[in-house]
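Notes follow the structure.
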Amino acid sequence: MAKAQSSYAVILAFSLLVNLLVYTDGERELSWSKRAAQEAEQVAAISCSGHGRAYLDGLVLYGIKPVCECNPCYGGPDCSMFLTDCAANAGSGDPYFLEPFWMQRAAKSAILVAGWHRMGYSFPDGSYISTQLEASIHKVHAVVGNAVTKGKYIIFGAGSTQVLNAAVHALALENNSSSPATVVASIPYYRLYKTQTEFFRSVDYQFEGDATSLQNISDAGHVIEFVTSPNNPDGKLNKAVLQGPNSSAIYDRVYYWPHFTAIPTAANDDLMIFSLSKLTGHAGTRFGWAVVKNESVYQRMTEYMSESSSGISRDAQLRALKLLNVVLETGGREIFEFGYDTMKNRWEKLTNTLSVSNRFSLQKIEPQYCTYFQKIREPSPAYAWVKCEREEDKDCYKILEEAKVNGRGGSVYAAEERYVRLSLIRSQDDFDILIQRLTQLVKE
Ligand SMILES: Cc1ncc(COP(=O)(O)O)c(C=O)c1O
């Protein structure tokens, strides 16, 4: 017995010693994750001349070396070649403006996913939602002060794109009438409201276009209004134009963050939608959420998520959790200062460039007090809503296209062709080329 005890003590001492040797400064020496970390760092070390990016899941050359994916207007194997004749890409809302922020925080923001990470369909409580992530979402709204979430329900979706339709579906079913709910938005509006609502061809709702056309109609039936605040494309802090017992609003607040707008007050709408895409810039993660007041609307939206996809990828939720926790580390200060400075500088540059001529005008956004920065802040919108002022310049998209600037024409937003949206949230390369092309155009 004594012999057994003494050999047990020797084994224990030996294992303590091994543990002491393996842990250095409280960090365990890596084993199975080393290879993944090395692979990730090898790809990250490919510089692509600062005009592109190599990715772990990108194409590979000769089965080994990852290939650079070049920014628009750059080419060659290492993206060092500027394609002089190329048009500025100011079309899509890819939020690459935040890429440098995350590159500067490579260590903090990286995640390594084990081969056995959350293989099941649900979390232990039977839900499809990480409670940690839900708590981080409540926290981020509380520190920014952009939305009241206390006592409200949170629903996750594959980007706000999926949440938007879940909201239409849920609100349409709240309506007891036998006729379909009418879905509207104020012009200029984000095109997806129309395309997605029409795409699903539901018997419960149909898209009818402009919200203001229903303003003076008393028997319009049940109306669901999309309210985008700040608005895409013009950055305005819109409010619902339809009120009353038969109207419900879906507040799309994906741009209601200090990068893009002053936060005058914490929004407290019944149904609000947000997205990681415009908060951290990770559009590719496809993660969005709704903040919902009404329990029955929440239940219907949850059912929608459950029936359509059994919830959101656990891997995407893990990544969102990591990114939000980096944001929260400094109470959002680092990301929002970076985002605001970048967007404000871009807006100033664009305004100065176009002010040389009176051929083009931009939307007016006044400086406004921001409760997050606790000061009056300058405009820093995600998009420029450009108007071609000359009588003969009816097709503004074409005018800009001829000057090698690709934006999005006004008709995409149900507005006049005299308008074009230019995306300001893309990469610095895209923005610099945009300014070059516009400088040339106004000179002419
Ligand atoms: C107003 C608005 N809502 C929703 C979305 C969809 O974003 P996501 O599905 O990436 O969350 C966008 C994307 O640009 C948008 O501009």
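All of the numbers you see were taken from the coordinates with simple rules; none came from a lab. Since the model is a prediction, treat every value here as computed from it, not as a measurement. Neighbour counts run over all protein chains shown; Cβ positions are idealised from the backbone, glycine included.
Observations, loosely collected:
- Sum of side-chain charges, Ile46 neighbourhood, beta-carbon under 9 Å (Lys, Arg +1; Asp, Glu -1): +1
- Farthest toward the positive end of the dipole of the chain, out of Asn268, Ser122, Gly235, is the Cα of Ser122, where the dipole comes from beta carbon charges about the Cα centre.
- Whether segment 138-221 is rounded, prolate or oblate, judged on the alpha carbon gyration tensor where a/c under 1.5 counts as rounded: prolate
- Here the scattering of the chain is modelled by Debye summation over its C-alpha atoms, one equal scatterer each and no solvent; at q = 0.10 Å⁻¹ the log10 of I(q)/I(0) is -0.81.
- For Val386, Val143, order by how many other beta-carbon atoms lie within 10 Å, fewest first: Val143, Val386
- Calculated mean residue ellipticity at 222 nm for the chain: -11000 deg cm²/dmol, from DSSP H runs with n ≥ 4 weighted as -39500 (n - 2.57), summed, divided by the residue count and rounded to 500.
- Rounded tilt (10° steps) of 428-443 against the dominant C-alpha axis of the chain: 20
- Electrostatic bookkeeping for Arg437 treats Lys and Arg as +1 and Asp and Glu as -1; over the other residues with beta carbon under 15 Å from its beta carbon, the sum is 0.
- With the charge dipole of segment 31-86 set up from +1 on Lys and Arg Cβ and -1 on Asp and Glu Cβ about the Cα centre, the Cα lying farthest toward the positive end among the listed residues Ser31, Gly76, Val43 is that of Ser31.
- In terms of packing, defined here as the mean over residues of other Cβ atoms within 10 angstrom, the peptides 421-430, 95-104 line up highest first as 421-430, 95-104.
- In this structure, the residue pairs whose Cα-Cα separation is over 20 Å, taken from Lys150/Lys194; Lys139/Lys293; Lys194/Lys387, are Lys150/Lys194; Lys194/Lys387.
- Rounded to the nearest 10 degrees, the inclination of helix 131-144 to the longest alpha-carbon principal axis of the chain is 50 degrees.
- Restricting attention to the chain, close to 60% of DSSP beta bridges with both partner residues there are antiparallel.
- Isolated Cys residues of the chain, judged by Cβ distance under 4.7 Å to other cysteines: Cys370
- Dipole in debye (nearest 20) - segment 219-283, about Cα centre, beta carbon charges: Lys, Arg +1; Asp, Glu -1: 260
- Highest to lowest packing among 168-177, 306-315, 249-258, 36-45, scored as the average C-beta count within 10 Å: 249-258, 168-177, 306-315, 36-45
- Going by neighbour counts of Cβ atoms within 10 Å, the residues Tyr193, Tyr153 line up, fewest first, as Tyr153, Tyr193.
- When both bridge partners sit in segment 131-329, DSSP labels roughly 35% of those beta bridges antiparallel.
- Cα centre as origin, Lys/Arg/Asp/Glu Cβ charges: the chain dipole, Debye: 880
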